[in-house]
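Reading through the structure tokens given below for one structure.
The values are calculated or read from the model by the stated rules, or taken from the named source; none is laboratory data. Source: prediction; values computed, not measured. When we count neighbours, we look across all protein chains shown, and the Cβ atoms used for this are built from the backbone with ideal geometry, even at glycine. These accessible areas exclude ligands, DNA and RNA; they are computed on the full protein's heavy atoms, side chains included. Shrake-Rupley method; radii C 1.70, N 1.55, O 1.52, S 1.80 Å.
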Amino acid sequence: MLHDVMTALRAGDATAALAAAERWVAAEPANPEAFEWLAQAHGAAGDTAAAAAAIDRGLALAPGHAGLITTRAFLHLQGGDLEASTADFRAAVAEDPNQLPAYVALAHLALGRGDRAEAERLVALAKRIDDEHPRLLLAEAQLAELSGDGQRALALLSAAVQRAPRDPLAQAALGLAYLQRNHLAFAEQALRNALALSGAAPNLHGALVACLEAQGRLPEAFEAAIAWVEAAPASVAARWTHARLCAAAGRLEEASAGVEAVLAEAPEHGPALALELQLNHHLGGPEAAVARLQARLAERPGLTQGWRLLLGLGDLAQAEATIAAWRAAAPASGDALEAEATLREHQGELAAAETAAREALALEPRLMEARRILARAAARQPAEAAMAATQALLDGVVSPGQRHALLPWYGAALHRVGRVAEAAAAWQQFWAEGFLPRLPQPVPASAARPAADGGAGCLLWGPPGLRLEPIHTLLAAAAPERVLLDRFADTRRDDGFNRLRVAPDHAAAGTAARWRAPLEANGLDPAAMIDGLPHWDGWTHATLHGTRLVALLRDPRDLLLTWLAEGSASGYPFPGVEAAAAWLSAVLGQYLEAEAADPARVFRLDADGLASDPAGFGEALAAACGLPAPPPAVVPAPVAVPVELPAGSWRAYAGVLAPAFATLSPLAVRLGYPAE
């Protein structure tokens, strides 16, 4: 009878499962296992009350039955009672140390609350029972993502789907992982697989919409949005997505009605307010759009998002008037004062900006930008004063997020007063606390089986630890029709050469043909393009063997220090001192091999030359990228970073980061930098 129940549940047939379980209970009324599966069948049918009753009947027969306790824990979890579910899962493993589902659930709960160490402990225990259980593989994949091993995470998710193709959670996790990596066709298939199964979360429709939109398939995205609204009619997110896609499809009246409904439920929904403004502009003209927004502000003077939209409609003079009106309408609004502080800072009225920021925080200590304005103000002071001011800011935070946001500035202040060990510790703490999205670090690959076509044109790459933005600005000014920087933005080509990589033997790995296709589809000549890459390795070099590489480098020890202090333009988080040194060593080692093997198509520029010799750097950049003339003398917008770390800054940290620098020093010498 157990076989009948399990077969029906696996097939998603709750009715058949319930019938089989009821027959089992009738045949064996003293068997607690029969009641466990009756509860699961009721749960699959959506009848949680009947499931709970079945559990109670089973536990009356066997009070310590681990399977029944685990099933009750899942019911608590479904009802949102994390405390009760955690207690029951723990009770289940206490009764039966082999209760695998309880261990796996506890691991996922630990991951949900950010307790990585506990999750690792529970996964290790569960692996002793069944190291290939699909839900256990999902937990392992999450841990791999957190440790920066994206390729292993993807392999684990694929293995989970192979072992449980009808598990909606496994299919969903794989689809979301592919979507994060911009492997859209694979993501779409896995998400559709998940949604075809019973028990799939309705919000997966939203991921499918995003996947289809990213492929430019708006009619299908619109259909997916309709399906989401049908599956979750009370979901504001679903109705907002439908309204937004109505607008994209030119169905403006329908979109307007949808936005109105969203704002009735969520008056402070910022994107809906912005779309309402656009729609009213199209349907009734600019005056009608502004009038409707002002009417909303009259109804709700504290509507922060509305005031911010109004600020964006005018020039600097109008911004002054809008902020004055905002402050008059909502005198207790810290957001209004924060907006004034931002405006004053933009205008160069730094003292006024600092005063407004302090007043804003006095009203609403939660504000983040006001605290950043004060951090920037502190950084402009002499070193000792900056240290004291930044310490005071840090002491006054009211949330872990605020403290985390100030750690780079605190480290910078410590650096300026020569307390380098404490500075390095503050920067490391910033990365270790886990408040930031964890973009998986690519594993440098070298093996490749390239096709005859190796692409064409120029690749531009710099590792973490140097500022690519001003160099990108120079190139974009010199040859805007040739420079491709979409890989550093949210919307980018899906060709396998973006920030997120898969193993070279994976079907989604990049090829020269995939690299060419989106360029040629947009009428671009691949041979003329300068393609900015977030990541390069030996595999990239071998696969795109028809291109030339312009590598922007620095002393590897400066790269590591700046990556630690400032992050990277590519968005890769700092993985820890030793791990970062090992990663840089692997990538730069592959670079040196490529340079030695292909000197005719590998060009190296010292990125620090932009600061020390701008004209000479511009000429070298133009020659390497095949530009007819050096870039114009563009003054890039200042980068709001806490600290400047010019060439050679690593020497101040030679003692603090000695083991990591020992790893990198041989590479530095091979690249032509001094050993000491």
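Sub-8 Å Cβ pairs linking a first residue in segment 539-554 that is modelled with pLDDT of 95 or more and of a type in the set (Gly, Ala, Ser) to a second residue that is open to solvent by less than 10 Å² (accessible area, probe 1.4 Å) and part of a helix (DSSP H, G or I), at least 6 apart or interchain, are Ala551/Tyr591, ordered by first then second residue.
Consider segment 517-534 and keep the residues that are within 27 Å of the chain's Cα centre (by Cα) and either among the aliphatic types (A, V, I, L, M) or surrounded by fewer than 21 Cβ atoms within 10 Å (Cβ to Cβ) (or both). The one that is farthest from Pro464 (Cα to Cα) is Ala517. Does Leu561 meet the test of being in a helix (DSSP H, G or I), among the aliphatic types (A, V, I, L, M) and modelled with pLDDT of 95 or more? Against the criterion (in a helix (DSSP H, G or I), among the aliphatic types (A, V, I, L, M) and modelled with pLDDT of 95 or more), Leu561 qualifies.
Under the condition of being assigned to a loop (DSSP other than H, G, I, E, B) and at pLDDT 90 or above, the residues counted in segment 481-509 number 4.
Right, Pro575: touching a Gly at 6+ places or on another chain (Cβ under 6 Å) and either in a loop (DSSP other than H, G, I, E, B) or surrounded by 20 or more Cβ atoms within 10 Å (Cβ to Cβ) (or both) or not? So Pro575 fits the description; yes.
Scanning segment 585-609 for residues that are in a strand (DSSP E or B) and within 21 Å of Gly546 (Cα to Cα) yields Val602, Phe603, Arg604, Leu605.
In segment 76-93, the residues that are open to solvent by 30 Å² or more (accessible area, probe 1.4 Å) reach residues that are modelled with pLDDT of 90 or more and polar (S, T, N, Q) with C-beta atoms within less than 8 angstrom, at least six apart or across chains, in these pairs: His76/Ser85; Leu77/Ser85. Here Leu138 fulfils each of the conditions (1) more than 18 Å from the chain's Cα centre (by Cα); (2) within 28 Å of Pro444 (Cα to Cα); (3) open to solvent by 20 Å² or more (accessible area, probe 1.4 Å) apart from (3).
Residue-wise test of (1) modelled with pLDDT of 95 or more; (2) not in a loop (DSSP other than H, G, I, E, B).
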{"position": "Asn182", "(1), (2)": "no, no"}
{"position": "Gln189", "(1), (2)": "yes, yes"}
{"position": "Leu197", "(1), (2)": "no, no"}
{"position": "Ala200", "(1), (2)": "no, no"}
{"position": "Leu212", "(1), (2)": "no, yes"}
{"position": "Pro219", "(1), (2)": "no, yes"}
{"position": "Ala247", "(1), (2)": "no, yes"}
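If you go through segment 535-558 and keep only what is outside any helix (DSSP H, G or I), closer than 24 Å to Gly672 by Cα and of a type outside the set (A, V, I, L, M, F, W, C), you end up with His535, Asp537, Arg548, Arg554, Asp555. Scanning segment 351-368 for residues that are among the charged types (D, E, K, R) and part of a helix (DSSP H, G or I), we see that the one that is surrounded by the most Cβ atoms within 10 Å (Cβ to Cβ) is Glu354.
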